[in-house]
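Heads up: the structure comes next, in C-alpha cells.
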C-alpha cells in the first residue's frame, strides 16, 4: 500500500516504492520480435519448459520473416501474443489500403509483404497497387490468420505484473484504459510512476539492455537491428532476463 505525502514546497515528495514482483504463477514475456524467426525459436528453446509465454506484440515488420513468426506463434501451444502497433498497422492496411497502406509500408510493411511472397511495392505505390497488394496479402494469410491477428488482446496480467505492448497512462486505472494507449503508448508513461503498485512489462521503446525500474520493465532490445531478443522470466523468486 502506498501513501501520499503532502508538505510544503520546500519538502521533496518521496519516491514511490514498489513491492517485489508477485505473479500468480510463473510465466515468460518476450520482447518485440519484428520478423526475426531465428532469434525467436532460439530464445523459446532457452526458456523454462512448460511455462506460458507472452509476446508483447510487434511480431512483424522490419525483419525478413514475419510470415514465419506469425505461423510459429499461432501454432505454438505455450505462446500467446498481445497486439502491437505494427499488428495494428497491418490490420489497418487490410481494412483501408488506400488511406492506411503507405504508413504501414514506411514502417516495415514492405518486408512483411515480401515474406508473404508479395513483391513490386514501394512506399509511394498508388491506390490500385495498394488494393491489389491487400487482396494478395489476405489470400496469402487466409481467414484463420487474419482472424487470429484481429483478435489479439491488448493487456495480460498476473498478480502485480501487467504486460502491454507500448505503455500505459500512469494516472488511469488499467481497467479504464483505451486499448490504443496500450498499443501506442502514453507520453507520461516513462516520466511518471504509477501509484497502483503494478509493474508494467513492455516493449516498443528500444533499450540497450533490459531494464527494471520505477514500476517499468523494458524488454525491447531492438532484435531486428541488434540481433538481441530478450525475455523476462517471472517466478515467485523474482525476475530473470534471458537474451539470445
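Which FRET efficiency value, to the nearest 0.05, do you get for residue 209 and residue 150 by plugging their Cβ-Cβ distance into 1/(1 + (r/R0)^6) with R0 = 30 Å? Don't jump to the answer; show the numbers that get you there.
Working: r = 34 Å, r/R0 = 1.12.
Efficiency, from the Cβ-Cβ distance: 0.35.
Please rank 138, 72, 224, fewest neighbouring Cβ atoms within 10 Å first, as an exposure proxy. Intermediate results must be reported in sequence, preceding the final value.
Values: 138 14, 72 17, 224 20.
By the 10 Å Cβ count, ascending: 138, 72, 224.
Gain in length, residue 237 to residue 77, computed as 0.36 nm per residue apart minus the alpha-carbon separation, to one decimal in nm? Display every interim value, and only then the final one.
Numbers: separation 160, 0.36 × 160 = 57.60 nm, distance 2.51 nm.
Stretched fully, the residue 237-residue 77 segment lengthens by 55.1 nm.
Fewest to most neighbouring Cβ within 10 Å: what's the order for 25, 78, 66? Before the final figure, lay out each step's value.
Details: 25 11, 78 14, 66 27.
If I rank by nearby Cβ atoms, fewest first, I get 25, 78, 66.
Kindly provide the helix-only [θ] at 222 nm of the chain, computed as the sum of -39,500 (n - 2.57) over DSSP H runs of four or more divided by all residues, to the nearest 500 deg cm²/dmol?
On the way: 8 runs with 79 residues, N = 244.
Only helices count here, giving -9500 deg cm²/dmol.
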Return one number: the angle in degrees, 0 to 90 and rounded to the nearest 10, between the long axis of the Cα atoms of helix 66-75 and the longest principal axis of the Cα atoms of the chain. 70
Take the alpha-carbon centre of the range 25-93, take the same for the range 176-244, and report the distance between them in whole Å. 15
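Once you have the Cα-Cα distance between residue 176 and residue 143, take 0.36 nm times their residue separation minus that, and quote the gain in nm to one decimal. Write down the numbers at each step before the final one.
Details: separation 33, 0.36 × 33 = 11.88 nm, distance 3.12 nm.
Length difference between fully extended and current span is 8.8 nm.
Can you give the FRET efficiency for residue 96 and residue 52, using 1/(1 + (r/R0)^6), R0 = 30 Å, r = Cβ-Cβ distance, to the nearest 0.05?
On the way: r = 34 Å, r/R0 = 1.15.
Approximately 0.30, to the nearest 0.05.
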By how many degrees, 0 to 90 and rounded to 10, does the Cα axis of helix 37-46 deviate from the longest principal axis of the chain? 40
If you take the square roots of the eigenvalues of the alpha-carbon gyration tensor of the chain and sort them as a ≥ b ≥ c, do you get rounded (a/c under 1.5), prolate (a/b over b/c) or oblate? prolate
Using the number of other C-beta atoms within 10 angstrom as an exposure proxy, rank 196, 214 with the fewest first. 196, 214
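Where a number appears in this text, it was derived from the coordinates with a stated rule and is not lab data. Small disclaimer: the values here were computed from a predicted structure and weren't measured. Glycine gets a Cβ as well: all are built from the backbone with ideal geometry, and neighbour counts include every protein chain shown.
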